[in-house]
Amino acid sequence: MRNIPVDEVDGLDRAVLAIGTDYPHDHLLPLHAHRRAQVLYAATGVMQVETADGAWTVPTARAVLIPPGVRHQVAMTGVSTRSLYIEPGAVPWFPERCRVVDVSALLRALVLDAVDMAPRYPEHGRDATVVELILHELRSLAPLPLDVPLPAAPELRRLCDAFLSAPDIHDPPARWAAALNVSERTLGRLFRRGTDLSFAQWRQRACILRSLHALAEGTPVTRVAASLGYENPAAFTAAFRSLLGRAPSAYLARPPHRGGG
């Protein structure tokens, strides 16, 4: 299925619905939720999914698992998606919180194939086997550290949201502590309690994940590093590699995909 709202087919008596959708270059899907569990795969571009408790960056060829009923918004940069909408009973193991995952070559091929299947595919035969394989492969996907947890405390959350809009690797904790009228030690405790990360860990993760959007648009590493406050590209690349395991150019390399729309 291509470029149709899931609500039009949600009632079909099939465990998995696969829909491919193209979006304008800079597009925002406002807060919404689905009855089904969703596997949102970025065939092209970069997405940022945000919920009440975090923000997840989804580069090309990765996917985010979105639990049923979770309200989320999606900001897209040059995105074409392939989505799987899955009956909750078919994925009892599904996480309760969003999770970005790496996508195996096999699952990628299965998802691309499923988009071209008839909506009410036969319950037995090739297409049903594709769906069974998809459900099997989903269970073994490796989680990726592509989320920025967000605290529930309103004042700290506002500071975090503002930082995500304009991240700076050297933004001092003293500024945050002064804004909250607390000590830096208390700020550290608030971050640990609200995000399970230290302030420095959270700040670095937010900067690196923000960089994925600019890098995906072809912005040179030198310019990206400078915009985030890194002294030089080598410092940025080292931080990028420490979080994601590869240099920026290797991480954003796109596997071949077929089909459009």
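What follows draws every value from the coordinates through simple rules; no lab data is involved. Just so it is clear, the structure is predicted and the values come from calculations on it, not from any experiment. When we count neighbours, we look across all protein chains shown, and the Cβ atoms used for this are built from the backbone with ideal geometry, even at glycine.
Here are the numbers for the structure shown:
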| item | result |
| --- | --- |
| Restricting the stretch 169-261 to GluC sites (Glu not before Pro) in coil, as DSSP defines it, with at most 14 other Cβ within 10 Å | 217, 231 |
| Sparsely packed trypsin sites (Lys or Arg not before Pro) within the stretch 34-87, loop by DSSP, other Cβ within 10 Å at most 16 | 35, 71 |
| Options 145, 78, 93, ranked by Cα towards positive dipole end of the chain, top entry (Cβ charges) | 145 |
| Helix 233-244 axis, angle to the chain major axis (alpha carbon atoms, nearest 10°) | 50 degrees |
| Exposure proxy ranking, count of Cβ atoms within 10 Å, fewest first, for 66, 19, 169 | 169, 19, 66 |
| Derived scalar couplings ³J(HN,Hα) [the stretch 54-60; Karplus, 6.51 cos²θ - 1.76 cosθ + 1.60; whole Hz; x for Gly, Pro] | x, 10, 10, 9, 10, x, 3 |
| Charge-dipole axis of the chain as Lys and Arg at +1 and Asp and Glu at -1 on Cβ define it, positive-most pick from 65, 179, 216 | 179 |
| Mean Cα-pair separation over length for the stretch 151-251, i.e. relative contact order, pairs under 8 Å, 6 or more apart, % | 24 percent |
| Spin-label zone in the stretch 229-244 - amide nitrogen under 11 Å from a point set 7 Å from the Cα of residue 219 along the C-beta vector | 229 |
| About the Cα centre, charge dipole magnitude for the chain (Lys/Arg +1, Asp/Glu -1 at Cβ), debye | 660 debye |
| Taking the chain and dividing mean pair separation by its residue count, relative contact order in percent (alpha carbons under 8 Å, at least six apart) | 19 percent |
| In degrees, nearest ten, helix 199-216 long axis to first principal axis of the chain (Cα) | 50 degrees |
| On Cα atoms only, tilt of 154-165 relative to the major axis of the chain in degrees | 80 degrees |
| Helix-only mean residue ellipticity at 222 nm for the chain, each DSSP H run of n ≥ 4 adding -39500 (n - 2.57), per residue, nearest 500 | -11000 deg cm²/dmol |
| Length added when fully stretched, residue 153-residue 118, from 0.36 nm per residue minus Cα-Cα | 8.0 nm |
| At most 12 other Cβ within 10 Å, DSSP loop - chymotrypsin sites (Phe, Trp or Tyr not before Pro), the stretch 41-99 | 93 |
